[in-house]
4 protein chains.
Amino acid sequence: MKFTTCSTPVRYAETDQMKFVHHSNYLRYFEMARLEWLSSLGVSYAKMEQEGILMPVVRANVEYKTPLFFGDHFSVEVVLVKTPKATLEFNYILRNQKEELICQGNTVLAFLSPNTNRPMRCPESLVRLFDSEKA
Amino acid sequence: MKFTTCSTPVRYAETDQMKFVHHSNYLRYFEMARLEWLSSLGVSYAKMEQEGILMPVVRANVEYKTPLFFGDHFSVEVVLVKTPKATLEFNYILRNQKEELICQGNTVLAFLSPNTNRPMRCPESLVRLFDSEKA
Amino acid sequence: MKFTTCSTPVRYAETDQMKFVHHSNYLRYFEMARLEWLSSLGVSYAKMEQEGILMPVVRANVEYKTPLFFGDHFSVEVVLVKTPKATLEFNYILRNQKEELICQGNTVLAFLSPNTNRPMRCPESLVRLFDSEKA
Amino acid sequence: MKFTTCSTPVRYAETDQMKFVHHSNYLRYFEMARLEWLSSLGVSYAKMEQEGILMPVVRANVEYKTPLFFGDHFSVEVVLVKTPKATLEFNYILRNQKEELICQGNTVLAFLSPNTNRPMRCPESLVRLFDSEKA
């Protein structure tokens, strides 16, 4: 089950003096996509945090194919790649308004209790929800 | 009593496609300077927050004189301008490695209780400390 | 003539450990709003830059009224406040999804030639366009 | 030949509401480390760009081990891992002030001509310099 975000304009402040988007910003775009995907499933990450579940990124990789420029619009395709257990794994494909492949990546997220700062298992209700969404 | 920060190199990611530092980053530089000043007085802002005092910015202004480039180093001069009561007010002067004036600014900070999200008075111990430091 | 941007979700990476949007990000939101306004007039800032006109911010001020949180959506109202000459001046009002006032601000922009890094006058075609838009 | 950067304080704006450094910022820290390493070899990346060599990141990966907090200081160990040809590959280890491993990563950089936006070979003078530095 893949999810594709809305088309989003590149912000001026996201470029650097190479005159295209700074490579660190793609991790922020992936995060936006992941949270928009969660939202689309009816899950508010803001509320999850208030209830004591943090989901930090524990591994990330990105392959940059071609630059994204100010003035461009992009969308991100997100796929959950495994049955969630202690971690969630996502693949991302980011394309510009001409459907050109800009970059692709992968992140692994853990579940963390903010009180103890210790890993925790994915809550059962989320396992069921995510399970029906995995690729 | 003015305080001047260490010389800090401009980071590549802080530039934008105009090929100099993005104007929003100066507010981050002012913040760094303010927290380094606090530190120099023996006050850890990290600890203040743990003890329940937040200091959000409630007003900021910046005048940009000349660009700051990747490869430049800058320092910030900070001055506390008034006896602290409900707010703290600071002036900043940012210069590059040639002592050229890059920008100057001013911020006002309030004291906020994170539990109630309501303004609070500056703790008495800080009033005394800051009072002896004001311009 | 005022222009109001689309509703935009707050990004997670825009918060800091105070648990709301970092104050420097509002200058980025104002920039987005200003460029969206330009776009709405049929002017591409990306193209302006390619044709040799930079518009750096030379003065900015912001008054922060109440925090904006992750999960919130905001829109920005932009008004051009004066007949453009050597500079352009804008007022901004930023509100959340409940129409609460989050912050308001003002920026002044100059026209700069990227080749000489020297100020230049606003091109005549833009003067005419902007003139019909001023408040 | 490994190079270790100066100790750098975490900036407040680099945290997010999880109360530690946002994961995208480590790519910025790696970049700082890489450019400081270049500098230590007597190479100014600012000058390289002026002479027409861009070095965009084409692949990045990061493994996050434990959080880095506001108030912490970190240093980055950088190692060039291969003889440079069309690309440069670096390994990074980032540690806090207690020498705890915060994260490790790897980036691959290409050489790009800004005029054509096309890949180019590493200039011969850099090959010789980097060659003597590789692990």
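The values are calculated or read from the model by the stated rules, or taken from the named source; none is laboratory data. All values derive from a computational prediction rather than experimental measurement. Every residue, glycine among them, receives a Cβ derived from its backbone with ideal geometry; neighbour counts consider all protein chains shown.
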- Give B:74, B:70, B:30, B:3 a once-over and let me know the one that is buried (at least 16 other Cβ atoms within 10 Å of the Cβ), facing chain D (nearest Cβ under 9 Å) and in contact (Cβ under 8 Å) with a residue 60 or more places away in the chain. B:70
- Query: What number goes with the only condition from (1) surrounded by fewer than 17 Cβ atoms within 10 Å (Cβ to Cβ); (2) more than 14 Å from chain B (Cβ to nearest Cβ); (3) at pLDDT 95 or above; (4) more than 14 Å from the chain's Cα centre (by Cα) that residue D:102 does not pass?
  - Reply: (1)
- Could you list all residues from segment D:111-125 that are among the hydrophobic types (A, V, I, L, M, F, W, C) and in contact with a helix residue (DSSP H, G or I) (Cβ under 8 Å, 6 or more places away or on another chain)? D:122
- If you scan segment C:7-37, which residues turn out to be assigned to a loop (DSSP other than H, G, I, E, B) and over 23 Å from residue D:28 (Cβ atoms)? C:7
- Task: Report the residue count in segment C:96-135 for those that are part of a strand (DSSP E or B) and over 27 Å from residue C:6 (Cβ atoms).
- Result: 5
- Note on the structure: Scanning segment B:33-57 for residues that are more than 26 Å from residue B:101 (Cβ to Cβ) and either of a type outside the set (A, V, I, L, M, F, W, C) or at the interface with another protein chain (Cβ under 8 Å from one of its Cβ atoms) (or both) gives B:42, B:44, B:45, B:46, B:47, B:49, B:50, B:51, B:52, B:54, B:56
- Filter segment D:6-27 for residues that are touching a residue at least 60 places away in the same chain (Cβ under 8 Å) and of a type in the set (A, V, I, L, M) and give the result. D:10, D:27
- Query: Of all residues in segment B:109-122, which are surrounded by fewer than 18 Cβ atoms within 10 Å (Cβ to Cβ) and within 17 Å of residue B:35 (Cβ to Cβ)?
  - Reply: B:110
- State whether one or more residues within segment C:109-129 are free of Cβ contacts under 8 Å to residues at least 12 places away in the same chain, under 30 Å from residue A:44 (Cα atoms) and basic (Lys, Arg). no
- Item | Matching residues, segment B:45-63, being among the charged types (D, E, K, R) and more than 22 Å from residue D:19 (Cβ to Cβ) | B:59, B:63
- residue B:66 fails exactly one of (1) within 29 Å of residue A:19 (Cβ to Cβ); (2) touching a Cys at 6+ places or on another chain (Cβ under 7 Å), namely (2)
- Checking D:108, D:62 in turn, the sole residue that is modelled with pLDDT of 90 or more and in contact with a helix residue (DSSP H, G or I) (Cβ under 7 Å, 6 or more places away or on another chain) turns out to be D:62
- Note on the structure: Residue hits (segment C:38-76; assigned to a strand (DSSP E or B) and closer than 18 Å to residue C:24 by Cα) are C:57, C:58, C:59, C:60, C:61, C:62, C:63, C:64, C:73, C:74, C:75, C:76
- Filtered residue count, segment D:81-99, keeping only those that are more than 9 Å from residue D:134 (Cβ to Cβ) and at pLDDT below 90: 2
- With criteria (1) within 16 Å of the chain's Cα centre (by Cα); (2) over 17 Å from residue D:11 (Cβ atoms); (3) crowded, with 16+ Cβ neighbours inside 10 Å, residue B:81 comes up short on (3)
- Search result, residues across segment C:11-58 that are farther than 18 Å from residue B:109 by Cβ and charged (D, E, K, R): C:11, C:14, C:28, C:31, C:34, C:36, C:47, C:49, C:51
- Condition set surrounded by 13 or more Cβ atoms within 10 Å (Cβ to Cβ) and of a type in the set (D, E, K, R), scope segment C:84-99, selection nearest to residue C:35 (Cα to Cα): answer is C:89
- Any chance you could count how many residues in segment C:77-95 are in a loop (DSSP other than H, G, I, E, B) and not aliphatic (A, V, I, L, M)? 4
